[in-house]
Amino acid sequence: MFDKILIANRGEIACRVIKTARRMGIATVAVYSDADRDALHVEMADEAIHIGPAAAGESYLVAEKIVDACRKTGAQAVHPGYGFLSERASFCEALEREGIIFIGPKPKAIRAMGDKIESKKFANAAKVSTVPGHLGVIDDAEQAETIADAIGYPVMIKASAGGGGKGMRIAWSRQEVRDGFDRARSEAQNSFGDDRVFIEKYIVDPRHIEIQILADAHGNIVYLGERECSIQRRNQKVAEEAPSPFLDEATRAAMGEQSVALARAVDYQSAGTVEFIVDRDRNFYFLEMNTRLQVEHPVTELVTGIDLVEQMIRVAAGERLPFAQTDITLNGWAVESRIYAEDPYRNFLPSIGRLTRYRPPAEGKAGNAIIRNDTGVFEGAEISMHYDPMIAKLCTWAPTRIEAIEAMGQALDGFVVDGIEHNVPFLAALMKHPRWRAGKISTSFIAEEYPDGFAPVLPDARQTAFLAAIALSASLIDANRREQFADRLRPATDPLRDLWSVRLGDEYIDVRLLDGLVTIPFDMEMEISGETLSVVTDWRPGDPVWHGKIGKQRITAQLRPILNGMRLDWQGLSVKAKVLTPRHAELDRLMPVKLPPDTSKLLLCPMPGLVVSISVVEGQQVKAGETLAVVEAMKMENVLRAERDLTVGVINAKPGESLAVDAVIMEFA
């Protein structure tokens, strides 16, 4: 076994590998760029080596710098994590020349499966079911249009060396093929240094289901069940689960056996994932094989009890797998939510900045459930524009799917992130979505359910009552504390204070206190909309999370003070609340509403990013849907289009310029 390994990665996956290595008694070496000097993985590792500037192309993607770090520290092996150099055969060979072990597959398998075009040819030869398409390299947009016409629309344009949703576009027409081809090639070049793309048939209403495999150097290969990864946006996975609610045993076995056959054909060693598209009739088609650890691997670990990182290390050290296929069982259900630094209310655009508050839910047992949080950040850390926007991977396990989803909802309600925008509200709303809970999903779920983007969910009558109760309980506890400090303690059952009005958004809810005292723990009966509710909580002023019971239901909600009130976040709801006396409520209704400024004649930068191109000139008339500019953020290119017919006035930005969010790119006449 190794004495010391180097992790050629950053963020949560580097921290994840370090945890297992530490448990195995293996010393670890971290590498870091200028932007990651104070990162969590650097602090966790036994040693750390600086490898260059913030840009990944000058640090984490430079193989020679990783090899040199191994020389300096005496690391015997390298775990690549995912992304960066994890599927670069030349990197693996560079390590071999130095006598350093690559904790992953051999170069032969990486080359065979790492290139999407070649992997499909290889899969066809191995009699693995594949999606119809054109596997040759495409030279230009005109050729792409001809190929797409022959395949039939819709088609998927994909980067040959791609992954993580980058360099991928769906096209429903010739014009979309032309636009998508250019964008996919540009993203592929920027992300992978390889601008080759190919085209294949796009399966309508597909599910994205993948099989996890493990193989050793002695010919032993097993599959560890599947992961359902169909909740995606922009081809980027958002939530995953294991097992899939759609597969039956026969389909699971067929997919697993094909995956093992493919792995055996390339003499695969280590952990790997074979990804499939599955249609409505459970027909499945090979997409690609990821010759690395997947982001979503924790859900497989939770349902199998197998530490995939440990097995990767043991296989790399020459050990045999300690189990056979007949030993693999799937126990319970696991769900993963990817916590991203992105604004769900602005079409999931990236957000950067400092985490002024970061309080994830406690890991471990929570009733019948288990909570796990893989993260690479901490309170006070900086979310950089240079890397992937992932903050954490929150996972829950429970005996059944619904129990795992309920546990995830509770955990998300208590996941506090301040300082940047994030997608926790969307994920919390997803856990309550009836279609998700029923398992009736596809990769187009987000586009279908939120065609105009995700908007704050409106509370129903019961949720409104619960939010009013939370707001009033917090207000009474806070007021009581202030009165105690001022030595003017007054009973909470004073008749003058029995009746309150809670404003939630634009709605006023009358609340009457019936019985109880304002103490900690708070225990009070309230009458709301004719219903009597008991409210019990141990919340204290300043706590960002309100835990308690309303009636028989356990509630976890987030509470943040704002001017003259508080903001409540619960189950994807986000509302502003004011607690008022009846007289104050009368006066509050008379206050004028301040309207936001009119920005209809401005093109604003929707996220902090780099201007890749400006597609118009001053004075040009453009039609709705035409491209105005392209902005790159966190390795993704975002096309900004005209929302209506207009005339370009003044252009304020130029290509190569870095802009802040809401910076004016251009003005319209």
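The values are calculated or read from the model by the stated rules, or taken from the named source; none is laboratory data. Bear in mind the structure is a predicted one, so any value in this text is a computation, not a measurement. Positions of Cβ are backbone-derived with ideal geometry, glycine not excepted, and every protein chain shown enters the neighbour counts.
Every residue, every condition in (1) farther than 24 Å from residue 348 by Cα; (2) touching a Leu at 6+ places or on another chain (Cβ under 9 Å); (3) not charged (D, E, K, R), yes or no:
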residue: 571; (1), (2), (3): no, yes, yes
residue: 575; (1), (2), (3): no, yes, yes
residue: 582; (1), (2), (3): yes, yes, yes
residue: 620; (1), (2), (3): yes, no, yes
Query raised in the report: Counting just the residues of segment 358-387 that are out of contact with any helix residue (DSSP H, G or I) (no Cβ under 7 Å at 6 or more places or on another chain), of a type in the set (D, E, K, R) and modelled with pLDDT of 95 or more, which one comes out surrounded by the fewest Cβ atoms within 10 Å (Cβ to Cβ)?
Result: 365
Requested in this report: Name, by its number, the condition in (1) at negative phi; (2) among the aromatic types (Phe, Trp, Tyr); (3) buried (at least 20 other Cβ atoms within 10 Å of the Cβ) that does not hold for residue 348.
Outcome: (1)
Query - residue 577 being small (Gly, Ala, Ser), farther than 23 Å from residue 54 by Cα and either part of a strand (DSSP E or B) or under 30 Å from the mean Cα position of the chain (by Cα) (or both) - result: yes
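For segment 421-444, which residues satisfy the criterion of being closer than 30 Å to residue 661 by Cα and either of a type outside the set (Val, Ile, Thr) or at pLDDT below 95 (or both)? First the steps, then the outcome.
Step one: list which residues in segment 421-444 are closer than 30 Å to residue 661 by Cα, which gives 421-431, 443-444.
Selection gives 421, 422, 423, 425, 426, 427, 428, 429, 430, 431, 443, 444.
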Query raised in the report: Taking segment 132-146 only, how many residues are of a type in the set (A, V, I, L, M) and buried (at least 19 other Cβ atoms within 10 Å of the Cβ)?
Result: 2
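Go through segment 612-632 and give me each residue that's in a strand (DSSP E or B) and within 14 Å of residue 186 (Cβ to Cβ).
Just the residues of segment 612-632 that are in a strand (DSSP E or B), to begin with: 612-614, 621-622, 627-632.
Those that are in a strand (DSSP E or B) and within 14 Å of residue 186 (Cβ to Cβ): 612, 613, 627, 629, 630, 631, 632.
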Query raised in the report: Counting residues that are at pLDDT below 95 and closer than 27 Å to residue 136 by Cβ, which strands (runs of 3 or more DSSP E) fully inside segment 193-259 reach at least 2?
Result: 197-201
Query raised in the report: Do you know which residues across segment 633-658 are within 27 Å of residue 421 (Cα to Cα), assigned to a strand (DSSP E or B) and either hydrophobic (A, V, I, L, M, F, W, C) or out of contact with any Gly (no Cβ under 8 Å at 6 or more places or on another chain) (or both)?
Result: 633, 636, 637, 639, 640
Query raised in the report: Does any residue of segment 364-380 turn out to be closer than 20 Å to residue 35 by Cβ and in a strand (DSSP E or B)?
Result: yes
Query raised in the report: Of the numbered conditions (1) closer than 18 Å to residue 229 by Cβ; (2) crowded, with 16+ Cβ neighbours inside 10 Å, residue 306 satisfies every one except a single condition; which is it?
Result: (1)
Query - Pairs, first in contact (Cβ under 8 Å) with a residue 60 or more places away in the chain in segment 55-67, second of a type in the set (Ser, Thr, Tyr) and crowded, with 18+ Cβ neighbours inside 10 Å, C-beta under 9 Å, six or more apart - result: 55/33; 56/33; 56/387; 66/60
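Taking the conditions exactly as written (within 23 Å of residue 209 (Cβ to Cβ), outside the structural domain of residue 609 (by TED's automatic domain parsing) and over 16 Å from the mean Cα position of the chain (by Cα)), does residue 374 satisfy them or not?
Values: within 23 Å of residue 209 (Cβ to Cβ): yes; outside the structural domain of residue 609 (by TED's automatic domain parsing): yes; over 16 Å from the mean Cα position of the chain (by Cα): no.
Against the criterion (within 23 Å of residue 209 (Cβ to Cβ), outside the structural domain of residue 609 (by TED's automatic domain parsing) and over 16 Å from the mean Cα position of the chain (by Cα)), residue 374 does not qualify.
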Query raised in the report: In segment 348-363, which residues are in a loop (DSSP other than H, G, I, E, B) and in contact with a Phe, Trp or Tyr (Cβ under 8 Å, 6 or more places away or on another chain)?
Result: 348, 355, 360, 361
Query raised in the report: What's the number of the condition residue 274 fails, among (1) at positive phi; (2) part of a strand (DSSP E or B)?
Result: (1)
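For segment 580-611, which positions are outside any loop (DSSP other than H, G, I, E, B), among the aliphatic types (A, V, I, L, M) and crowded, with 18+ Cβ neighbours inside 10 Å? Give the derivation first.
Looking only at segment 580-611, we keep the residues that are outside any loop (DSSP other than H, G, I, E, B), and these are 580, 582-588, 602-604, 609-611.
Next cut, among the aliphatic types (A, V, I, L, M) only: 580, 585, 587, 602-604, 610-611.
580, 585, 603, 611, listed by residue number.
Residues are listed down the side, and each one gets a yes or a no for (1) acidic (Asp, Glu); (2) within 25 Å of residue 217 (Cβ to Cβ):
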{"position": "108", "(1), (2)": "no, yes"}
{"position": "130", "(1), (2)": "no, no"}
{"position": "133", "(1), (2)": "no, no"}
{"position": "142", "(1), (2)": "yes, no"}
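Scan the strands (runs of 3 or more DSSP E) fully inside segment 1-112 and keep the ones with 3 or more residues being crowded, with 20+ Cβ neighbours inside 10 Å and among the β-branched types (Val, Ile, Thr).
Numbers: elements: 4-7, 27-33, 47-52, 77-79.
Because the criterion is at least 3 residues that are crowded, with 20+ Cβ neighbours inside 10 Å and among the β-branched types (Val, Ile, Thr), the strands (runs of 3 or more DSSP E) in segment 1-112 that meet it are 27-33.
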Report task. Restrict the check to segment 451-468 and report whether at least one residue is on the phi > 0 side of the Ramachandran plot, within 29 Å of the chain's Cα centre (by Cα) and either among the polar types (S, T, N, Q) or modelled with pLDDT of 95 or more (or both). Result -> no
Query - Tally, over segment 381-392, of residues that are charged (D, E, K, R) and assigned to a loop (DSSP other than H, G, I, E, B) - result: 1
Query raised in the report: Just to be sure, is residue 562 exposed (fewer than 11 other Cβ atoms within 10 Å of the Cβ), among the aliphatic types (A, V, I, L, M) and under 36 Å from the mean Cα position of the chain (by Cα)?
Result: yes
